[in-house]
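Participant: There's a structure below that I have some questions on.
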There are 2 protein chains.
Amino acid sequence: MNNNNPINVRIIPSLFTLSNLLFGFISLLLTMDGKFKLAAGLIILSALMDSMDGKVARKLSVSSDFGKELDSLSDLVSFGVAPAILTYQSMLQAQLGYWGIILASIFALCGAIRLARFNVLNINTYFVGVPITFAGGFMALIQLFQHIIPWPVYAVCMIILAFLMVSTFKVPKLSK
Amino acid sequence: MNNNNPINVRIIPSLFTLSNLLFGFISLLLTMDGKFKLAAGLIILSALMDSMDGKVARKLSVSSDFGKELDSLSDLVSFGVAPAILTYQSMLQAQLGYWGIILASIFALCGAIRLARFNVLNINTYFVGVPITFAGGFMALIQLFQHIIPWPVYAVCMIILAFLMVSTFKVPKLSK
């Protein structure tokens, strides 16, 4: 952590991270209201915020362990819990009933396992398994095309992405 | 981390932690269904699981950084996001409208800030600020008495607990 920066500069990346969490949280409220496309849009906005916080922190030389922890916590809500509940509520509940709960829970739990493992490994040059931001962002994106994509695609994508999140193959990082 | 234990022993504490997350996740689904008391009960069950994982890990001598990370992630869902959305959906939405969203968001965001800070501080003998398990558990508990507690109490408790979570006073740990 670089402590030479004034406090107002040091909190800037965390503001992006908290926006990520806030949008994920509001996405959940929109899902409850049945506004599924708006809820998906908020998750995509969260992904945008998530792609900014790390870049801003490195640019301002204010990367911190606190920022990393906050990032993981926000990611689980915005890209694990919010897309799982959105997909369940908008589709799986009607089509699969209780099996839909099991599917959605597996997605969220695998997301948490992935984040916990990645934090402990502390690797900065590549990802182990598919990042949760990609998995959750993808589920939100295909939600926008619900009128043309048949529902089993969502169930299959969800289970494949859950598996890929906890898998151990290496995925190169696109951004530095 | 103690690596001398067989893999099946090492994962036992994480099973409690994942149960904590699972119950928090299902609590969100129950809130969406309008089953508010059941949703509150699930959060209290999450708190029970949360009180077990650390104890079990220490008893089996299998405490790990992975377990700690997973614990924080689960806590944000079960004691930050789930109680905030439960209180909003069951009460604040009807009484406060958009202000209810702001209140609920502040609770969830303060919970995340608290968890991120506590993880970085890495203190084992006392808490800094009120633990999120207490804050979320308390909001779930008073939900069970909705018929006798007037709604402003929930709004006030929520904002006070949010503040106490990010405050910096020391709270002694009851369990070792």
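Participant: Check every one of the helices (runs of 4 or more DSSP H) wholly within region A:73-161 and list those with 2 or more residues that are more than 9 Å from every other protein chain (Cβ to nearest Cβ) and more than 15 Å from the chain's Cα centre (by Cα).
Facilitator: A:93-96, A:98-121
Participant: Another question, if that's okay. Can you tell me which residues in region B:56-72 are at the interface with another protein chain (Cβ under 7 Å from one of its Cβ atoms) and either over 16 Å from B:S19 (Cα atoms) or of a type in the set (A, V, I, L, M) (or both)?
Facilitator: Answer for region B:56-72, where residues must be at the interface with another protein chain (Cβ under 7 Å from one of its Cβ atoms) and either over 16 Å from B:S19 (Cα atoms) or of a type in the set (A, V, I, L, M) (or both): B:D65, B:L70.
Participant: Just checking, which of B:L92, B:L60, B:L45 is open to solvent by 10 Å² or more (accessible area, probe 1.4 Å), at pLDDT below 95 and of a type in the set (A, V, I, L, M, F, W, C)?
Facilitator: B:L60
Participant: Give all pairs with beta carbons closer than 6 Å in which a residue from region A:127-140 that is at positive phi meets a residue that is open to solvent by less than 30 Å² (accessible area, probe 1.4 Å); count only pairs at least 6 apart in sequence or on separate chains.
Facilitator: From region A:127-140, the pairs are A:G129/A:R114; A:G129/A:M165; A:G129/A:S167.
Participant: Name the helices (runs of 4 or more DSSP H) wholly within region B:1-71 that hold at least 3 residues that are touching a residue at least 24 places away in the same chain (Cβ under 8 Å)? Show your work before the answer.
Facilitator: Values: elements: B:7-10, B:12-32, B:36-59.
Qualifying helices (runs of 4 or more DSSP H): B:12-32, B:36-59.
Participant: Something else: Of the conditions (1) within 12 Å of chain A (Cβ to nearest Cβ); (2) more than 12 Å from the chain's Cα centre (by Cα), B:G41 fails just one. Which one is it?
Facilitator: Every listed condition holds for B:G41 apart from (1).
Participant: Still on this structure, please answer the following. Condition check: within 11 Å of another protein chain (Cβ to nearest Cβ) and buried (at least 24 other Cβ atoms within 10 Å of the Cβ). Does B:L30 satisfy that?
Facilitator: Considered against the rule, which asks whether it is within 11 Å of another protein chain (Cβ to nearest Cβ) and buried (at least 24 other Cβ atoms within 10 Å of the Cβ), B:L30 comes out as no.
Participant: Please enumerate the residues belonging to region A:162-171 that are assigned to a helix (DSSP H, G or I) and either open to solvent by 80 Å² or more (accessible area, probe 1.4 Å) or more than 19 Å from A:Q95 (Cβ to Cβ) (or both).
Facilitator: Once the filter is applied, which keeps residues that are assigned to a helix (DSSP H, G or I) and either open to solvent by 80 Å² or more (accessible area, probe 1.4 Å) or more than 19 Å from A:Q95 (Cβ to Cβ) (or both), region A:162-171 yields A:F163, A:L164, A:M165, A:V166.
The values are calculated or read from the model by the stated rules, or taken from the named source; none is laboratory data. Just so we're clear, the structure is a prediction, and the values are computed from it rather than from any experiment. For neighbour counting, all protein chains shown are included, and Cβ atoms are generated from backbone atoms with ideal geometry for every residue, glycine included. Calculation scope for accessible area: heavy atoms of the full protein, side chains included, ligands and nucleic acids excluded. Shrake-Rupley method; radii C 1.70, N 1.55, O 1.52, S 1.80 Å.
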